[in-house]
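In what follows, a structure is listed as structure tokens, so that the remarks can point back to it.
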Amino acid sequence: MIQLKDIHKSYRDGENQQNHVLRGINMEINKGEFVAIKGRSGSGKTTLLSILGTLLPPDSGSYLLNGAEMASGTIDHSEIRNKQIGFVFQDHRLMPQFTALENILLPTLAYNAKSTQDQIDYAYHLMELTRISGVANQYPHTLSGGEASRVAVCRALIMKPLLLLADEPTGQLDAENARNIALLLNEINKNLHTTILMVTHSEETSAVADRILTLNEGLLQWVSRN
């Protein structure tokens with residue numbers, strides 16, 4: 001479902017020197033896979049995730065998502081992000097003025113004035129799946145860190161995306177909640193057959209994935225499991 005060929009990305013640093021973050025990334029991910037990418041801070045994990053999420057264009061190379069070339073300037077990337085890609089961020093990014101249910105439904109309002117009944121029903125289904133049905137009418141400031149993370153996961157899934165991208169989804173959680181969110185992502189992968197790509201620095205969080213890659217000096221390497 002995902003095919004990256006020779007993806008390069010560079011930035012200018014503070015001294016106007018070229019900083020090569022990605023040096024020819026090649027990667028294939030099959031539909032329904034759960035892949036974790038590990039790497040030290042500053043290794044380019046978030047840059048790679050931003051390219052996969054069409055938030056950032058590569059300098060060169062090819063990115064095919066479900067057969068369509070994402071590196072093309074003719075693609076409507078905003079529509080792709082809304083309808084085919086779900087995002088889970090480290091800091092949740094919930095809107096404080098909306099309830100948990102309303103936050104989950106926000107992506108459905110990108111092209112319509114109100115959510116359909118099917119979308120509302122699916123939001124409740126996702127809350128049941130993630131075991132947060134009881135917080136549907138609560139506001140973000142009343143939620144625990146684990147509950148807020150689950151709301152963010154439901155919001156990422158409400159449009160039934162082909163791909164779920166998770167950027168350090170357990171980074172701000174304590175050990176127990178981090179483990180629970182990692183297991184939840186694994187459960188979603190198995191139950192909804194959603195393709196998941198997660199970047200993390202955590203050994204324990206990455207262990208739930210089907211496959212682990214490391215990003216080192218701008219290149220991806222496969223990690224074997226003992």
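The values are calculated or read from the model by the stated rules, or taken from the named source; none is laboratory data. Treat the numbers as computed from the prediction; the structure is a model and nothing was measured. Because the Cβ atoms are built from the backbone with ideal geometry, glycine has one as well, and the counts that use them run over all protein chains shown. The area values use the complete protein model at the heavy-atom level, side chains included, leaving out ligands, DNA and RNA. Shrake-Rupley method; radii C 1.70, N 1.55, O 1.52, S 1.80 Å.
When the range 197-211 is examined, which residues are found to be open to solvent by less than 10 Å² (accessible area, probe 1.4 Å) and under 11 Å from Pro169 (Cβ atoms)?
If the condition is that a residue be open to solvent by less than 10 Å² (accessible area, probe 1.4 Å) and under 11 Å from Pro169 (Cβ atoms), then Met198, Val199, Thr200, Thr205 are the ones that fit.
What pairs come out if I take residues in the range 1-26 that are open to solvent by less than 80 Å² (accessible area, probe 1.4 Å) and pair them with residues that are charged (D, E, K, R) and assigned to a loop (DSSP other than H, G, I, E, B) whose C-beta lies under 7 Å away, six or more apart or interchain?
Note: pairs meeting the criteria are Met1/Lys31; His8/Asp59; Lys9/Asp59; Ser10/Asp59; Asn19/Asp13.
How about the range 143-226: which helices (runs of 4 or more DSSP H) wholly inside it have at least 3 residues that are at pLDDT below 90 and within 15 Å of Leu129 (Cα to Cα)?
Those helices (runs of 4 or more DSSP H) do not exist here; none qualify.
Out of all the residues in the range 33-52, is one or more exposed (fewer than 15 other Cβ atoms within 10 Å of the Cβ), among the β-branched types (Val, Ile, Thr) and modelled with pLDDT under 95?
No, the conditions are met nowhere in the range 33-52.
Could you please tell me which pairs satisfy a Cβ distance under 7 Å, a separation of 6+ or placement on different chains, a first residue in the range 119-145 that is over 18 Å from Gln97 (Cα atoms), and a second residue that is open to solvent by 70 Å² or more (accessible area, probe 1.4 Å) and at pLDDT below 95?
Close Cβ pairs (under 7 Å, with a partner that is open to solvent by 70 Å² or more (accessible area, probe 1.4 Å) and at pLDDT below 95) amount to Leu129/Asn191.
Where residues in the range 136-163 are among the polar types (S, T, N, Q) and open to solvent by 40 Å² or more (accessible area, probe 1.4 Å), which of them is nearest to Glu28 (Cα to Cα)?
Checked the range 136-163; the qualifying residue nearest to Glu28 (Cα to Cα) is Ser144.
Any idea which of Gln90, Gln138 is closer than 24 Å to Met198 by Cβ, of a type in the set (S, T, N, Q) and not in a helix (DSSP H, G or I)?
Gln90
Please go through the range 93-135 and pick out each residue that is open to solvent by 30 Å² or more (accessible area, probe 1.4 Å), outside any helix (DSSP H, G or I) and not hydrophobic (A, V, I, L, M, F, W, C).
Across the range 93-135, the qualifying residues are Arg93, Pro96, Gln97, Tyr111, Asn112, Lys114, Thr116, Arg131.
Going residue by residue through the range 26-40, is there one that turns out to be of a type in the set (Phe, Trp, Tyr), more than 20 Å from Asp167 (Cα to Cα) and part of a strand (DSSP E or B)?
No, the conditions are met nowhere in the range 26-40.
In the range 71-90, what count of residues is obtained for those that are without any contact (Cβ under 8 Å) to a residue 60 or more places away in the chain, under 18 Å from the mean Cα position of the chain (by Cα) and surrounded by fewer than 17 Cβ atoms within 10 Å (Cβ to Cβ)?
3
Which of the residues spanning the range 53-70 are among the small types (Gly, Ala, Ser), open to solvent by less than 50 Å² (accessible area, probe 1.4 Å) and part of a loop (DSSP other than H, G, I, E, B)?
If the condition is that a residue be among the small types (Gly, Ala, Ser), open to solvent by less than 50 Å² (accessible area, probe 1.4 Å) and part of a loop (DSSP other than H, G, I, E, B), then Gly53 is the only one that fits.
Can you tell me how many residues in the range 28-82 are within 18 Å of Pro169 (Cβ to Cβ) and of a type in the set (Phe, Trp, Tyr)?
1
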